[in-house]
Amino acid sequence: MSPATLDVAGIAVATGHYIDGRRLQSEETFETCSPIDQRVLGRISEGGAVEVEAAITAAGRAFPAWAALPAASRKLFLDRFAAEIGRRADAFCVVESNDAGVLLSRMRHGIVPRSMLNIGWFAEQALQLQDRSIDTDQALHNVRHDPAGIALIITPWNSPLMLATWKLGPALAAGNTVILKPPEWAPLTGSLLADCAHAAGLPAGVLNVVQGSGGNTGAQLVSDPRIARISFTGSVATARWIAQTAGANLVPCSLELGGKSPFIVLEDADLDNAAATAALMYRNAGQVCLAGTRLLVHTRVVDDFVATMRGYVDQLRVGDPRDEATEVGPIIHPRQVERIGGFVERAIAAGACPLWGGRRHAYGAQYFEPTLLTDVAQDSEIVQNEVFGPVLTLQAFGSDDLAVELANGTDYGLGGVCYGETAHATAVALRIRTGFIWVNSFGIRDLAAPFGGIRRSGIGREGGGWSFEFFCDVKDVVVPKKPFRASFSHR
Ligand code: NAD
């Protein structure tokens, strides 16, 4: 059994689970290391059968009362939950940058405020959840959005706080109770979230955090038929297993998966803007599902574009994510560094040419150089598979039709970027088969807008009403307008 807390730069983080309003330690533990330098941060409880059973029992017991609360009452709890995240902003920033390698500056200015909003905004939206009716000559259909039950939320390591709160907000606001299974490579901000729920006075069992590895703890949770919804963000391989297992139990799942999104630069694009945005694809060391990792550039502008982009890439500050000036941080785990290096080596062996990068970065063992590979075939491994590191490919095209064909030519379909004269770029964007695409921009998101992918990039949409549709059982309560008398001729 590990000590009850570990210390990250003076911040105490609980190492146990949070089940039924209480901390619980397991005999089994696993190590969590910092991606910055692989130093061991401490040991975390690994949930087994006992903890999984305790969490499901607690969430099931808490469900009827939480579901029965008016949305306005749940909002009071959730507003306090969001405020507790805000009160611990510094702790979230320091802990996630140490544990997951996310840039401290991005945590402070982007992720922590957004995470508070993820909770508060959905709590506000839930006030209108039941305001739908369909009025016909025959009847008034009161369309109810009833909470589904116990929602299981499983998140990856590349942005653990943001992705957990993005799911927790709508799940809890709609009246579900939740079991959160944080990623084993970055489990600590999940533990801080439990502190926030506790301090906000969320009733015991409404939010449970069960720590552990995917193949053990995660798999046990997914397999349990008492789970009503599974909201998963992660890899395609895991999603396949989850979908099969959930399918056997007929449990709906939302799957947000990987991407291999195109970044198209048309002949009439503002090249400087496009190049500056393309350099952004190295953010979070490329460990970003929605990054446009396949640069598709018109042959007439490709040389200028590459030269301009190089200017931006050369200025990128690679380093320690805790330094507010750093723009590209570490890779999460030595295994991922190996994996990224393997992709690049095999691509080069197959004929690809690095225009820059291609190796581990001199800054440290956990760092990889921002890399651009050209001379890559459309059917090659490097073009067809998600690397999830700072590695982009470059292909040139001579017509819109070819740009569209290359852009649509993988099994993924998450996002995309298209730079060009606005009407032209919009027309091309409309032909790209993905869940979303940014025209002359990148990363503009709104909580009300749908987010998600098609084909291997996932099933379902998150955001606004789409999140509520997933976390609710929709029920039509039909009240006739005239007295109803049973008759066999009645339809
Ligand atoms: P992963 O699939 O290995 O793990 C994700 C989560 O699933 C972790 O919490 C893990 O413990 C858990 N898990 C693993 N096996 C499980 C099992 N059998 N049963 C239940 N849970 C299990 O993915 P990862 O490597 O942590 O994350 C990287 C992937 O996530 C990339 O492919 C990336 O593109 C994707 N991602 C997608 C989005 C999106 O919104 N589309 C956002 C971020 C990351």
Checklist entry - Where Lys and Arg each count +1 and Asp and Glu each count -1, what net charge lies around THR326 among other residues with Cβ under 12 Å from its Cβ? => result 0
Next on the checklist: Sort 22-32, 46-56 by packing, meaning the average of other beta carbons within 10 Å per residue, with the highest value first.
Outcome noted: 46-56, 22-32
Item to check | THR5/SER73 FRET efficiency (R0 25 Å; Cβ-Cβ; nearest 0.05) | outcome: 0.20
Checklist entry - Considering the zone a paramagnetic label at ARG433 would reach in this model (a point 7 Å from Cα along the Cα-to-Cβ line), which residues of region 361-379 have amide N under 17 Å from it? => result 379
Checklist entry - Carbon and sulfur: what percent of the chain's accessible surface (1.4 Å probe)? => result 55 percent
Item to check | In nm, spacing of pseudo-spin labels at ALA65 and PHE484 (7 Å Cα→C-beta vector) | outcome: 3.5 nm
Checklist entry - Could you state the number of Å between the C-alpha centres of region 183-246 and region 133-159? => result 20 Å
Next on the checklist: I'd like the accessible area for HIS298: 1.4 Å probe, protein heavy atoms, all chains in place, Å² to the nearest 10.
Outcome noted: 10 Å²
Checklist outcome for this item: Yeah, the chain with a ≥ b ≥ c from its alpha-carbon gyration tensor (a/c under 1.5 is rounded, else prolate when a/b outruns b/c, oblate otherwise) is oblate
Checklist entry - Got the relative contact order for region 328-408 handy, in percent, Cα pairs under 8 Å and 6 or more residues apart? => result 27 percent
Next on the checklist: At a 10 angstrom cut-off on C-beta neighbours, averaged per residue, how do the peptides 80-88, 289-297, 478-486 rank from highest to lowest?
Outcome noted: 289-297, 80-88, 478-486
Checklist entry - Ignoring ligands, DNA and RNA, how do CYS33, CYS353 rank by accessible area with a 1.4 Å probe, largest first? => result CYS353, CYS33
Next on the checklist: Counting heavy atoms of the protein chains only and a 1.4 Å probe, report the per residue accessible area for the chain as a whole number of Å².
Outcome noted: 40 Å²
Next on the checklist: Net charge around ILE85, counting only other residues with Cβ within less than 15 Å of its Cβ (Lys, Arg = +1; Asp, Glu = -1)?
Outcome noted: +1
Checklist outcome for this item: Taking Lys and Arg as +1 and Asp and Glu as -1, residues besides GLY416 with C-beta under 11 Å from its C-beta add up to +4
Checklist entry - For the Cα atoms of the chain, what angle does the longest principal axis make with the long axis of helix 49-68, in degrees from 0 to 90, nearest 10? => result 60 degrees
Checklist outcome for this item: Taking SER73, SER45 and ranking on accessible area (1.4 Å, protein atoms only), highest first, one gets SER73, SER45
Checklist outcome for this item: Using the Kirkwood radius over Cα pairs of region 230-281, the Stokes-Einstein translational diffusion coefficient at 4 °C and 1.567 mPa s, in µm²/s and rounded to a whole number, is 94 µm²/s
Checklist entry - Percent relative contact order of region 261-439, based on C-alpha pairs within less than 8 angstrom and at least six residues apart? => result 29 percent
Checklist entry - Sorted by packing (mean other beta-carbon atoms within 10 Å per residue), highest first, where do 414-420, 278-284, 105-111 land? => result 414-420, 278-284, 105-111
Next on the checklist: Can you tell me, using C-alpha contacts under 8 Å and at least 6 residues apart, the relative contact order of the chain as a whole percent?
Outcome noted: 17 percent
Checklist entry - Restricting to the chain, what percent of DSSP beta bridges are antiparallel, rounded to 5? => result 50 percent
Checklist outcome for this item: For the chain, the longest principal axis of the Cα atoms and the Cα long axis of helix 112-125 enclose an angle in degrees, to the nearest 10, of 40 degrees
Next on the checklist: Quick check on region 261-439: what are the equivalent-ellipsoid semi-axes from the Cα gyration tensor, as sqrt(5λ), descending, whole Å?
Outcome noted: 26, 17, 15
Checklist entry - Going by accessible area, probe 1.4 Å, with all protein chains left in place, what is the ranking of ASP401, ASP79, largest first? => result ASP401, ASP79
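The values are calculated or read from the model by the stated rules, or taken from the named source; none is laboratory data. In this text the structure is predicted, and so the values were computed from the model without any measurement. With ideal geometry, Cβ positions are generated from the backbone for all residues, glycine too; neighbour counts draw on all protein chains shown. Surface areas here come from the heavy atoms of the whole protein model, side chains and all, with no ligands, DNA or RNA. Shrake-Rupley method; radii C 1.70, N 1.55, O 1.52, S 1.80 Å.
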